[in-house]
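First comes the structure, then the notes that go with it.
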Ligand SMILES: [Cu+2]
């Protein structure tokens, strides 16, 4: 990782302001329905490795709705390849999941309408699940924010962090992988460090999404910052102490009342073993503006729930493989030649995921959230709902899953080159 001083020597331009992502307008205002249009297309003016976008930009517009709303998204594919939209973390019906496994992708020139009720509040994101690494790294991703009508409503910031490709991903692909990723984080489509000048003393909700296909964020504690949300809305209890590690696909909501200047930074962290020695990477340099506004503490509805009991595993996923072979496995199998495990609707099972490979893997399941009951046998301090959990080298994760949503759900590593090289399987939840 290069230091700030080295960056200056390289002649990097002065930091620019943190961009605010546009929100997709509701096309047909109607109570309880948010109806938006997204067009996936090559960007007319590509920046860095971003060559694709939605509605002319990468990241695409933020889709904002409230829990209980129905989301309707008209996707028009103006790319020259098929694409889909996957709703990372949301419990959508299988036909809306955007996975080309028994459901055809959206062909070039076609329009497909995704429609589903939003039952979970929280910070989610959308991205293609077809030719996934190339399309996501090319810039096809955006945020889905589902507000909880019961939550307080401080100003709400969406930060989508990503490591862009250093070349045009539409160019010919090397045999392994899909081009070199930059080691410089971008947020909201602009290179870091970025500057932000919020009003002094005004509590902010910062929703951070790691859209990178391989990069890890590791945020050390900052004075006054609390993590209040995770993959699935509010945490059971706030976390005042970092570091907060976000693997590919992860989200975190933070509450912060900026008073003094501060720098949000990421410590070096590698999928090849976690924390690394080195200089932190500055992401956002914050300079609060104006008189410090007096503001009472915000009361969030943390439920302080205890975790469910750990238990013996009903289903085991063993992660293996290596960069040397370029092949990645779940239970010794590579997608699509996989054994499909079946669950009945309503089954409650414990799934154990063991990482026997030499790298980290963020384990992600479609169609359901799950509860973490232990990591290496240690239960979390509070109930912890997730859809993406990073497994360090040698770690064993146990999660409790209630099979409530029928479908053929992908379970996979969210390091996208690992998924493409086989680290995906299918968990089938049978219908009634
Ligand atoms: Cu992986």
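Under the classification rounded if a/c is under 1.5, otherwise prolate if a/b is larger than b/c and oblate if not, where does the chain fall, given a ≥ b ≥ c as square roots of the Cα gyration tensor eigenvalues?
Taking the square roots of the gyration eigenvalues as a ≥ b ≥ c, the chain is rounded.
Rank 356, 235, 365 by mean-square fluctuation in a GNM of the chain with C-alpha springs under 10 angstrom and give only the top-ranked residue.
Result: 356 has the largest fluctuation of those listed.
Once label points are set 7 Å from the Cα along Cα→Cβ at both residue 101 and residue 16, what is their separation, rounded to one decimal in nm?
3.9 nm
Pick from 376, 26, 69: which residue has the top mean-square fluctuation in a GNM of the chain where Cα pairs under 10 Å get a spring?
Its mean-square fluctuation being the largest, the pick is 376.
For the chain, give me the percentage of DSSP beta bridges that are antiparallel, rounded to the nearest 5 percent.
Taking every DSSP beta bridge within the chain, about 70 percent pair in antiparallel fashion.
Between region 350-406 and region 191-214, what is the separation of their alpha carbon centroids in Å?
27 Å
How would you classify region 304-393 from its alpha-carbon gyration tensor, with a ≥ b ≥ c the square roots of the eigenvalues: rounded for a/c under 1.5, else prolate if a/b is greater than b/c, otherwise oblate?
Oblate.
FRET efficiency for residue 23 and residue 295, Cβ-Cβ distance as r, R0 = 25 Å, nearest 0.05?
Computed FRET efficiency for residue 23 and residue 295: 0.50.
Let me have the relative contact order for region 159-286, percent, based on Cα pairs under 8 Å that are six or more residues apart.
27 percent
Expressed in nm to one decimal, what extension gain is obtained for the pair residue 42 and residue 432 from 0.36 nm per residue of sequence separation less their Cα-Cα distance?
Taking 0.36 nm per residue and subtracting the Cα distance, the gain is 136.2 nm.
Normalised by the number of residues in region 275-373, what is the relative contact order in percent for Cα pairs under 8 Å and 6+ residues apart?
30 percent
Counting alpha carbon pairs within less than 8 Å and at least 6 residues apart, what relative contact order, in whole percent, applies to the chain?
Worked out over the chain, it gives 14 percent.
Measure off 7 Å from each Cα along the Cα-to-Cβ vector at residue 241 and residue 405, then give the distance between these two points in nanometres to one decimal.
3.4 nm
Using the Cα gyration tensor of region 1-160, with a ≥ b ≥ c the square roots of its eigenvalues, what is the shape: rounded (a/c below 1.5), prolate (a/b larger than b/c) or oblate (neither)?
In terms of gyration-tensor shape, oblate.
For the chain, modelled as a GNM with alpha-carbon contacts under 10 angstrom, which of 57, 40, 305 fluctuates the most?
Of the options given, 305 has the highest mean-square fluctuation.
Where a number appears in this text, it was derived from the coordinates with a stated rule and is not lab data. Computed from a predicted structure; not experimentally measured. Don't worry about glycine lacking a Cβ; one is built from the backbone with ideal geometry, like all the others, and counts go over all protein chains shown.
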